[in-house]
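Please read the structure below before turning to the comments.
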Amino acid sequence: MSANNQSAQGGDNHINLYEPHVWKHHTKVAGLEWKNPVGTASGTFQYAAVRWFYDVSQLGAVCTKGASPVPWEGNPSPRTAESPAANINAVGLQNPGIDHYLAEDLPKLKAAGAFVISNVAGHCDDDYAAVVEKLADSDADMLEINVSCPNVSAGGMSVGTDPVALANLMDRLRPMTDKPMIVKLTPNVTDITVPARAAVEHGADALSMINTLKGMRINIRTGKPIIANVTGGVSGPAVLPVGLAAVYRVRTALPEIPIIGLGGIDSGEKALEYLYAGANAVEVGAAALFDPVAPLRVARELDDLLDSRPELAAKLAAGQTWR
Amino acid sequence: MSANNQSAQGGDNHINLYEPHVWKHHTKVAGLEWKNPVGTASGTFQYAAVRWFYDVSQLGAVCTKGASPVPWEGNPSPRTAESPAANINAVGLQNPGIDHYLAEDLPKLKAAGAFVISNVAGHCDDDYAAVVEKLADSDADMLEINVSCPNVSAGGMSVGTDPVALANLMDRLRPMTDKPMIVKLTPNVTDITVPARAAVEHGADALSMINTLKGMRINIRTGKPIIANVTGGVSGPAVLPVGLAAVYRVRTALPEIPIIGLGGIDSGEKALEYLYAGANAVEVGAAALFDPVAPLRVARELDDLLDSRPELAAKLAAGQTWR
Amino acid sequence: MLNRNEMTTFTPTHDVVTEATAAGFFPPRHNVEITQVTELTDRVMRLTFRDPFIASHAKPAQFVNLFTHDDFMLMPRPFGVSEVDGDEVSVIFAVVGHGTEQLAGLQAGDTVDVLGPLGRGFNLKEDANYILVGGGLGVPPLIYAAQKLAEHDASFATAIFGYRNDHFAEEYVSRYADWSWSIDDAEGNVVDLLNKLEQGDDLKAYDRKPIILSCGPLPMMKAVADWAAERGIPAQLSMEQRMGCGYGTCVLCTIDTVDGRLKVCSDGPVFTREQLGWGK
Amino acid sequence: MLNRNEMTTFTPTHDVVTEATAAGFFPPRHNVEITQVTELTDRVMRLTFRDPFIASHAKPAQFVNLFTHDDFMLMPRPFGVSEVDGDEVSVIFAVVGHGTEQLAGLQAGDTVDVLGPLGRGFNLKEDANYILVGGGLGVPPLIYAAQKLAEHDASFATAIFGYRNDHFAEEYVSRYADWSWSIDDAEGNVVDLLNKLEQGDDLKAYDRKPIILSCGPLPMMKAVADWAAERGIPAQLSMEQRMGCGYGTCVLCTIDTVDGRLKVCSDGPVFTREQLGWGK
Ligand SMILES: Cc1cc2nc3c(=O)[nH]c(=O)nc-3n(C[C@H](O)[C@H](O)[C@H](O)COP(=O)(O)OP(=O)(O)OC[C@H]3O[C@@H](n4cnc5c(N)ncnc54)[C@H](O)[C@@H]3O)c2cc1C
Ligand SMILES: Cc1cc2nc3c(=O)[nH]c(=O)nc-3n(C[C@H](O)[C@H](O)[C@H](O)COP(=O)(O)OP(=O)(O)OC[C@H]3O[C@@H](n4cnc5c(N)ncnc54)[C@H](O)[C@@H]3O)c2cc1C
Ligand SMILES: Cc1cc2nc3c(=O)[nH]c(=O)nc-3n(C[C@H](O)[C@H](O)[C@H](O)COP(=O)(O)O)c2cc1C
Ligand SMILES: Cc1cc2nc3c(=O)[nH]c(=O)nc-3n(C[C@H](O)[C@H](O)[C@H](O)COP(=O)(O)O)c2cc1C
Ligand code: FES
Ligand code: FES
């Protein structure tokens, strides 16, 4: 074995991602079919960047960067630091706003044949409502409400850690659209089943977890934090066990709710762990920073791994889960 | 550079851990002097195992495995799983009980010249009180109250996540001894400054953080959790940024309280990050599983790194911190 | 081969072993040269490295922690010592996961990090006819037991090995054992062989009392313990458990015994059938 | 060299580039062979790898993401292309941290993972007298600019490089630049050299309008932008920022411009002084 031949499982170590592929194993999330159980994670996928690397319609779903009512400039730089097996980010939800999203991003993604989850960002309930209102009549396939960003001071994570605030927000957003609404949860809480329950009882059609873990690094030459915003969100392989435990726990507490699992997935095997933990589908985040085609590769690896797991595959296709 | 010569900093890549060493940089925690700022983390240090590898009196402190009023058998096996850059453990506080600790472990450690932090485990307030009572007249240098173990159902982490329960516990324990009392905090909370404040306001002389993060892995051959206890505690390099952020945040909220920082330290450089984040001292946990001498090596590396940081070194020696 | 740059600012090399031992300490994890890697059969490898300390101290059923060059995999991979030749130490292992996959890709001239020897080995003090009953990847430590027993004129070694299919270790055991029988799944199991041995009255060959040393899959070892108990024959069984440290500091590797939960790494890996409460 | 076993079940190799491009896509991260590693001066390395795709597509100031073999360090290390020779691509980098330390330890015959070419390079379309103003490790992309300009008869390249001490890149730039001046910290700075150039009336040499291309430390580039602005000379500046992806997907690499926060990796790394609002 050499670095040119790094199969870890002794299986087929060369998947050609560019040959036409007929997906063998589908999943269903909140009643909607995904052609495979793998999507991109919000904030790590921009069509304008990714389109050069692979055909985005090949994924189960693409989840776009959080959109806010007006353009946001995000946090100052540096916005990132490295940590063992992880990335730390403090983008602070920089985005060109929902109008730009509806005029530019969404139409292009739909034209390219993608199944689109539109991620919604806000600093307050009015923000979320303004974005959801505009997305209600759009071509978005699903909405994801991000109440779990650790990098903005108001809104963001604070809603996701407070079940009452979350319930109020959902009560307001729920009547605004018939589109399936996913609530994205933060692992930075004492008991993740509390916000999970609040979201579901107040109208969430699905849950996604986990957003990033709060973390930081320090520059030992200066004695100062590396990231201008001091702390950021930890993602990548390091957070895998935390994401798995979150999915497992919420699945135990809420046996019926569709769950999209994410956090640390960079291979089909790790995606499979999330499915066994009780997820209906998964998303790939930080891994796409280190290799643009990571989400597609994960999808292809998973498609092969499911061949020998007919029971799991059948459950997913029927909108059920392993646990 | 080859694997035989893996200096990462271009510095002296061969520290002889077995030559007599005069420690250049001391620290002070809750008024007590440590000969260097590096200790072992509870649960990763057993004198009977470690004594073959190095002279334990060389460390700033050794923190022993949690002792309970009676022997505990802990969780069933398997108790551990691997994760990227991490270990997951679910020992469940197996230990031979405080009487055995006082008869066997503590005397040997003191005879060997170690500065000893005795870690206290409990399922309920009575448990903690029973152990602290016996330690009060012992030779232990400091006590550490573990209210943050994620692997026991009662007590353990539940106290550490509930500021009222923690305050009650400390009100009970505080009058029982004059020995400095450290409270060990869990990162599995929404806001770590809440239990931190509760502990300090109710008599803690110092805080240590972080205990392990809740996590799990799944065996993709069986579809079942690898660890018999399902979830366990994540430690090792993967948790470094979470530990740093915890220390930074608590230091900001509580400028005066001595803090022992830990989580993911496996080099002098990472120990230094904790000191810059505001810790007075650090502990090395999982790294000692992968190399028995890791704590001593970290101490030696840090001793050298502090040479070129006289301001930080002076603060530590005076019982102050960088931030 | 570059690794663990960020993890530690140095990896102890060979001279550190010398320093550690000179100072009265056991060598820490250190980096050694690989001298040979052979594939014995499909996905079963034999890996040899140069380590004078382990070579001169390892006892049969003691093990070494090997570490991969992949920083995602920090945890030790424990393997029983299977042979010692001069200052070279061999292990035999099956490729069963990511770590063994990577170790299998190493080549002569590469290096590997190692800690050991670890654990309590078989007790071979009695002059006896040792019956080495191994199954699958339980065989390697028994080869080493045979090697060590071959040095004692007063003891004998009869090897009884069960394989899934390919009899991959025959070459090695035949170097040392006084008798060696093997069987594969298609033919039967090691208890069949034990019965034959008994029928042929070879159990007490050489007028020595029989002692069973066993290592292999749990069901096999339980059957062997039962068999031994019925006949009142002592049995020492080498156990496996997922490990955190391998040297007794973390209490992650316990098994249930009649004396409570004991550590496989430092209370074992060898336990008697009485300790395990087997064969009653 | 083994790495990333657990991270991904395969690393695309060279044929994947062919597949990707044949299918109309840009090659993903892939594994290439290192053909040469040289130490130019203390802790400054030149590393060459074979990559026909990057070799034939890279423009000056475009960069490549290199990845270490250490799984603790997943993030890309971006380096400007400094030279192309046939299907071989070189970068020149300083050892400043754990990642570059590890890359510096690679040898000819080893492999490295790469993604690229990335970013928007210098605009070299105009026939002009390009003044390449580089400082320290900003020099490498300017060498490549000189190399590319040498292919155009209608443009000229004057290199003005400032070094901390050792003039490590002279050998390379002298291959291509029409003029090359350099200076080190003990002697002065690049603005001194620009002034001399102006005094000698060499700014408009060959009857071509001057255009400044610059890369180096921030204070140097700001001074150069000021100098250019005072004279109404266009200036293109290649910026640095900590990156997450290098290809435009994560918005981690922004800098403040007059048009708001833009991505260094895909809106840049080259920006005009007007975009940066410098030199006013
Ligand atoms: C005392 C002892 C001696 C052993 N001797 C041998 C031997 O001579 N030959 C041989 O082929 N195998 C032996 N094993 C088993 C060997 O350690 C595992 O097969 C190996 O660790 C698997 O590593 P992996 O990375 O391929 O598997 P993975 O499943 O990818 O490993 C993940 C983690 O689980 C641990 N793990 C997985 N399976 C086992 C297991 N069966 N036992 C202990 N830990 C495990 C790994 O060490 C690692 O920490 C021994 C185990 C013990 C405890
Ligand atoms: C577009 C671009 C082109 C570059 N071209 C060159 C070049 O030709 N030659 C050269 O020597 N250097 C160049 N750099 C800087 C080079 O990328 C860093 O020196 C290198 O990434 C440091 O890695 P490290 O692991 O040694 O440092 P560490 O500090 O250990 O790295 C930790 C993390 O911070 C990032 N980082 C640290 N310093 C920088 C920096 N200055 N810029 C961007 N990221 C950084 C690393 O990539 C890594 O993700 C360039 C940077 C950019 C953005
Ligand atoms: C650079 C970056 C930007 C992110 N931006 C968003 C965002 O806008 N909205 C959101 O819900 N999550 C965002 N996330 C979180 C990811 O979607 C994901 O939940 C997290 O990174 C864990 O998955 P991973 O380990 O696969 O990256 C971002 C993550 C990264 C790394
Ligand atoms: C095997 C193991 C056992 C542990 N047992 C205890 C314990 O008994 N009491 C305690 O307070 N912390 C215990 N911990 C937590 C560590 O002391 C430490 O807080 C944590 O592992 C983070 O540090 P690290 O990343 O350096 O390991 C244990 C950790 C490990 C890995
Ligand atoms: S593996 Fe750590 S005590 Fe046995
Ligand atoms: S580094 Fe990801 S957008 Fe620039």
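Calculate how many DSSP beta bridges within chain A are antiparallel, expressed in % of all such bridges and rounded to the nearest 5.
40 percent
Could you work out the relative contact order of chain B, using alpha carbon pairs under 8 angstrom and six or more residues apart, expressed as a whole percent?
Taking the mean separation of contacting Cα pairs over the length of chain B, I get 20 percent.
Using a 10 angstrom Cβ neighbour count of at most 15 plus a DSSP loop assignment to flag exposed GluC sites (Glu not before Pro), which longest range of chain C is free of such sites?
C:1-125
Between A:Glu19 and B:Lys24, what is the label-point separation in nm under the 7 Å Cα-to-beta-carbon projection?
Using points 7 Å along Cα→Cβ, the separation is 6.1 nm.
Please give the Cα centre distance for the stretch D:126-149 versus the stretch D:262-280, rounded to the nearest Å.
Measuring centre to centre over Cα atoms gives 17 Å.
Give me the Å³ per residue figure for the convex hull around the C-alpha atoms of the stretch C:194-249.
103 Å³
Which entries of A:Lys65/B:Lys214; B:Lys65/B:Lys270; A:Lys214/B:Lys134; B:Lys108/C:Lys209 show an alpha-carbon separation above 32 angstrom in the structure shown? Each step should come with its number before you reach the end.
Values: A:Lys65/B:Lys214 28 Å; B:Lys65/B:Lys270 23 Å; A:Lys214/B:Lys134 38 Å; B:Lys108/C:Lys209 41 Å.
Exceeds cut-off: A:Lys214/B:Lys134; B:Lys108/C:Lys209.
Considering only protein heavy atoms, what per residue accessible area in square angstrom results for the protein assembly as shown with a 1.4 angstrom probe?
Using a 1.4 Å probe on heavy atoms only, each residue of the protein assembly as shown averages 33 Å².
Can you return the aspartates and glutamates within cross-link range of A:Lys179? Criterion is Cα-Cα under 13 Å, with same-chain partners fewer than 8 residues away left out.
A:Glu133, A:Asp137, A:Asp139, A:Asp141, A:Glu144, A:Asp205
With a/c under 1.5 counting as rounded, go ahead and sort chain A into rounded, prolate or oblate using the C-alpha gyration tensor (a ≥ b ≥ c being the square roots of the eigenvalues; past the cut-off, prolate if a/b is larger than b/c, else oblate).
Because its axes are fairly even, with a/c under 1.5, chain A counts as rounded.
Taking every Cα atom in the stretch B:156-302, find the radius of gyration and the maximum pairwise distance Dmax, and write them in Å.
Every Cα atom of the stretch B:156-302 included, Rg and Dmax give 16.4, 53 Å.
Quick check: convex hull of the Cα atoms in the stretch B:94-141, volume per residue, rounded to a whole Å³?
It comes to 70 Å³ per residue, whole-number rounded.
Quick one: work out the % antiparallel among DSSP beta bridges in the protein assembly as shown, nearest 5.
50 percent
Of A:Leu109, A:Val200, A:Val147, which is farthest towards the positive pole of chain A's charge dipole, taken about the Cα centre with +1 and -1 on the beta-carbons of Lys, Arg and Asp, Glu respectively?
A:Val147
May I ask for the accessible area buried between chains B and C, both sides summed, probe 1.4 Å, to the nearest 100 Å²?
Buried area between the two chains comes out at roughly 4500 Å².
Please report the antiparallel percentage of DSSP beta bridges with both residues in chain D, rounded to the nearest 5. Please report the intermediate quantities before stating the final value.
On the way: 36 of 60 bridges.
Approximately 60 percent, going by the DSSP bridge assignments.
Can you give me the pair-distance distribution of the stretch A:35-134, C-alpha pairs, 10 Å bins, whole percents?
15, 42, 34, 9, 0
Taking 40 Å² as the minimum loss, tell me which residues in the stretch D:65-83 lose that much accessible area going from the chain by itself to the full protein complex (1.4 Å probe).
D:Asp70, D:Asp71, D:Phe72, D:Leu74, D:Met75
All other residues with a Cβ under 10 Å from the Cβ of B:Val230 taken together, and with Lys, Arg as +1 and Asp, Glu as -1, what is their net charge? It would help to have the intermediate numbers written out before the result.
Values: positive: A:Arg249, B:Lys224; negative: none.
With Lys, Arg at +1 and Asp, Glu at -1, the net is +2.
Counting residues in chain D as N, plug N into 2.2 N^0.38 Å and put the Cα Rg over that result.
For chain D, the normalised Cα radius of gyration is 0.99.
In the protein assembly as shown, what percent of the accessible surface is made up of carbon and sulfur (1.4 Å probe, ligands and nucleic acids excluded)?
48 percent
Between A:Ala136 and C:Asp226, with labels modelled 7 Å along Cα→Cβ, what's the label distance in nm to one decimal, could you check?
7.0 nm
Summing Lys, Arg as +1 and Asp, Glu as -1, what charge do residues with Cβ under 11 Å from the Cβ of B:Ile88 carry, B:Ile88 excluded?
+3
When the C-alpha atoms of the protein assembly as shown are aligned to their principal axes, what extent does each axis show, in angstrom, from largest down?
Computed over the protein assembly as shown, the largest-to-smallest principal extents equal 107, 65, 63 Å.
First measure r as the distance between the Cβ atoms of C:Lys196 and B:Ala228, then evaluate 1/(1 + (r/R0)^6) with R0 = 41 Å and state the FRET efficiency to the nearest 0.05.
That pair, C:Lys196 with B:Ala228, gives E of 0.60.
Run the label-point distances for C:Lys125 please: 7 Å along Cα to Cβ, every other copy, nanometres, shortest first.
When each copy's label point is compared with this one, the spacings are 8.9 nm.
All other residues with a Cβ under 12 Å from the Cβ of D:Arg273 taken together, and with Lys, Arg as +1 and Asp, Glu as -1, what is their net charge?
With Lys, Arg at +1 and Asp, Glu at -1, the net is 0.
Between rounded, prolate and oblate, where does the stretch B:76-179 land on the alpha carbon gyration tensor, with a ≥ b ≥ c its root eigenvalues, rounded for a/c under 1.5, else prolate if a/b exceeds b/c?
oblate
Please state the equivalent ellipsoid semi-axes for the stretch B:219-323: what are the square roots of 5 times the Cα gyration tensor eigenvalues, largest first, in whole Å?
Sorted largest first and rounded, they come to 31, 17, 9 Å.
Chain D: which residue's Cβ hugs the D-to-C rotation axis most tightly, distance rounded to whole Å?
D:Asp71, 2
Which shape class, rounded, prolate or oblate, goes with the stretch C:1-145 when its Cα gyration tensor gives a ≥ b ≥ c as root eigenvalues, a/c under 1.5 marks rounded, and past that a/b bigger than b/c marks prolate?
oblate
Using a label point 7 Å beyond Cα on the Cα-Cβ vector, give me the inter-copy distances for C:Asp42 in nanometres, one decimal, shortest first.
Between copies, matching label points for C:Asp42 lie 5.8 nm apart.
Relative to the longest principal axis of chain C, what angle (0 to 90°, nearest 10) does the C-alpha long axis of helix C:218-231 take?
So the helix axis and the longest Cα principal axis differ by about 40 degrees.
The values are calculated or read from the model by the stated rules, or taken from the named source; none is laboratory data. This structure is a prediction, so every number in the text was calculated from the model and none was measured. Cβ atoms come from the backbone with ideal geometry, glycine included; neighbour counts cover every protein chain shown. Accessible surface areas use protein heavy atoms only, side chains included; no ligands, DNA or RNA. Shrake-Rupley method; radii C 1.70, N 1.55, O 1.52, S 1.80 Å.
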